[in-house]
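Beneath this line is the structure, given in structure tokens, with notes to follow.
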Amino acid sequence: MLFRVLLFLNFFYTFLNSRLFYVPMKTEWKIFWIYLIVIALITKPYVYGENEASRFNALAAIVEEHSLGWTSRYFVTDDRIYINGKEYSDKPYALVLLAAPFYWVLYSFGIGFENSLGWSTYLLKVFVVGIPTAFLLVIFYRSLLLEKKYKTILTLILGFCTLLFTYATTFNNHNISALFLFVAFLLHTKKDKANLFFLGVFLGLGTALDVVIGIFFTIGFFSYYFFFAKTAFSEKAKLFFGFFLLFLLYMIPNYLIISNVFIPAYAHPEYYIAARTWQNQENLPGFYNHRSPGDLLLYTFHSTFGFRGFFSYSPVLFFGFCILLWKVWKKRDVSLLPLIFAIIATISYYCVYTINYGGSSYGSRYFIPLIPILIYFCADIFTTLQKYKTLFYVLALISFLTALVGAFNPWANHANEGMYAISFVVNFAHQYVYNTAGHYVLHALLPWWF
């Protein structure tokens with residue numbers, strides 16, 4: 001069967017390159033469509049993982065019940081809390097609020113979870129996460145000051161050789177937060193020409209979607225503009241107002257649900273206990289205390305370079321981190337200090353205050369919003385650090401293989417593998433390539449081959 005699939009892909013590639021299919025288009029938009037087609041083909045048209053189920057329940061509640069909480073749910077999940085007779089998602093609601101208009105359109109046309117489960121979940125993943133991730137590649141390409149071929153290579157590495165690719169097939173907040181925080185970073189690079197209002201807006205959006213990492217970026221950027229940069233008070237006010245305006249997407253639903261504008265729902269174990277889930281103060285993010293310094297060091301190692309490591313699953317990112325440190329140390333570029341702070345603070349927080357690597361997630365999903373910024377600094381590989389180019393390509397290939405294996409099943413099943421399960425090994429099973437949209441398309445086009 002593998003031979004048949006490869007033969008079909010070869011035919012498809014030849015067709016795309018024929019004059020019949022030729023369409024004049026800028027390189028970044030070619031990358032956009034190629035990436036989106038790939039994501040559309042490998043996304044699975046159903047809900048898998050309690051994380052997705054929790055968000056889809058909340059989405060249905062908003063659109064169908066006109067409420068943040070639900071009294072009856074479509075999907076079984078323990079990622080929920082119980083307050084005053086209703087269940088709520090334990091996730092920040094910003095992603096659900098951004099997705100609600102799209103689901104409302106689908107629901108209006110009869111494509112809802114109740115009667116079109118496959119189509120509704122599939123389209124939500126592709127349109128709400130897949131398209132913004134593909135658009136991130138367009139922005140990234142245009143931000144690079146490189147030759148065209150190197151811009152293309154580095155953009156493809158960002159898209160296909162990191163966990164950004166893995167999670168572009170899921171209904172998650174990390175990819176969207178990565179988009180907004182990267183735009184905020186680009187606005188920051190303009191320095192004296194930066195529009196601080198829009199910098200605040202994108203910081204607010206990124207933080208509303210991914211509160212922990214967003215807060216660290218916000219602290220870093222606010223500290224820089226309030227204490228280091230020569231910034232007028234009016235500009236500081238614009239930065240604060242822009243941030244606050246969009247951070248309301250997090251604060252308002254949080255207040256309506258748990259009567260607190262800042263502390264997230266998952267910081268309240270009593271609501272999980274009321275919902276009769278397995279989660280409590282001993283295993284929730286932000287509550288766990290490692291039993292010894294040795295346990296903390298081991299967990300930190302596996303979160304960064306070990307079995308579930310951010311850098312071991314995308315080793316190409318380590319280049320970007322080293323180059324960023326080098327620029328701060330050698331060039332004394334103070335404007336990059338907010339990035340150093342945000343990266344180190346984020347990694348430190350999750351290593352100190354979590355124990356389960358993000359549950360059943362493939363690799364370390366908590367750090368995904370850092371990815372575009374780290375790849376951005378890899379641009380020096382093609383200019384001042386060309387002697388490392390071969391090694392960079394080798395690490396990019398390894399990163400592609402790990403990201404690809406994860407893309408077919410981002411919510412890996414570690415239940416029977418222990419705390420230090422290797423997501424790559426768990427996922428390395430042929431059955432995970434089935435039940436993707438591409439599998440159904442091939443089966444419909446060539447039923448006699450399957």
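The values are calculated or read from the model by the stated rules, or taken from the named source; none is laboratory data. This is a predicted model, so every value here is computed, not measured. Methodologically, a virtual Cβ is constructed for each residue, glycine included, from the backbone with ideal geometry; neighbour enumeration extends over all protein chains shown.
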Within the stretch 84-108, residues of a type in the set (Val, Ile, Thr) and touching a residue at least 24 places away in the same chain (Cβ under 8 Å) come out as Val96
Just one listed residue, out of Tyr82, Tyr88, is in contact with a strand residue (DSSP E or B) (Cβ under 6 Å, 6 or more places away or on another chain), over 21 Å from Thr169 (Cα atoms), aromatic (Phe, Trp, Tyr) and not in a helix (DSSP H, G or I), and it is Tyr88
Scanning the stretch 126-156 residue by residue, those out of contact with any Ser or Thr (no Cβ under 8 Å at 6 or more places or on another chain) and among the hydrophobic types (A, V, I, L, M, F, W, C) turn out to be Phe127, Val128, Ile131, Ala134, Phe135, Leu136, Val138, Ile139, Leu145, Ile153, Leu154, Leu156
Counting only residues that are surrounded by fewer than 17 Cβ atoms within 10 Å (Cβ to Cβ) and under 26 Å from Ser348 (Cα atoms), the stretch 201-239 contains a total of 5
Here the qualifying pairs (Cβ atoms under 8 Å; residues six or more apart or on different chains; first in the stretch 51-67 and in contact (Cβ under 8 Å) with a residue 40 or more places away in the chain and buried (at least 24 other Cβ atoms within 10 Å of the Cβ); second part of a loop (DSSP other than H, G, I, E, B) and aliphatic (A, V, I, L, M)) come out as Phe56/Val47
Filter the stretch 148-197 for residues that are among the basic types (Lys, Arg) and part of a helix (DSSP H, G or I); the one that is surrounded by the most Cβ atoms within 10 Å (Cβ to Cβ) is Lys151
### Message
Looking for something touching a Ser or Thr at 6+ places or on another chain (Cβ under 8 Å) and at pLDDT below 95 - is there at least one such residue anywhere in the stretch 173-182?
### Response
no
Among helices (runs of 4 or more DSSP H) completely within the stretch 226-342, the ones holding 2 or more residues that are within 30 Å of Ala403 (Cα to Cα) and modelled with pLDDT of 90 or more are 293-304, 310-313, 316-331
Going through the stretch 68-87 in order, the residues found to be surrounded by fewer than 17 Cβ atoms within 10 Å (Cβ to Cβ) and basic (Lys, Arg) are Lys86
Q.
Can you say whether Ser360 is crowded, with 24+ Cβ neighbours inside 10 Å, within 17 Å of Thr304 (Cα to Cα) and not hydrophobic (A, V, I, L, M, F, W, C), as far as the supplied structure shows?
A. no
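Filter the stretch 1-41 down to residues that are of a type in the set (Ser, Thr, Tyr), part of a helix (DSSP H, G or I) and at pLDDT below 95, then give me how many there are.
Here the count works out to 3.
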When Phe113 is run through (1) in a helix (DSSP H, G or I); (2) within 24 Å of Arg80 (Cα to Cα), the failure sits at (1)
Original post:
Residue check: is Ser348 within 20 Å of His174 (Cβ to Cβ), surrounded by 16 or more Cβ atoms within 10 Å (Cβ to Cβ) and not hydrophobic (A, V, I, L, M, F, W, C)?
Top reply: no
Given (1) modelled with pLDDT under 95; (2) in contact with a helix residue (DSSP H, G or I) (Cβ under 8 Å, 6 or more places away or on another chain); (3) under 24 Å from Phe247 (Cβ atoms), Lys44 misses just (3)
Restricting the stretch 396-416 to residues that are part of a helix (DSSP H, G or I) and of a type in the set (S, T, N, Q), the one modelled with the lowest pLDDT turns out to be Thr402
Apart from one, (1) touching a residue at least 60 places away in the same chain (Cβ under 8 Å); (2) under 21 Å from Cys161 (Cα atoms); (3) crowded, with 17+ Cβ neighbours inside 10 Å all hold for Thr383; the odd one out is (3)
Report yes if Phe127 is assigned to a helix (DSSP H, G or I), farther than 29 Å from Ser312 by Cβ and under 18 Å from the mean Cα position of the chain (by Cα), otherwise no.
yes
- request: Test Ser364 against the criterion of being within 22 Å of Thr402 (Cα to Cα), among the polar types (S, T, N, Q) and at pLDDT 95 or above, and give yes or no.
  value: no
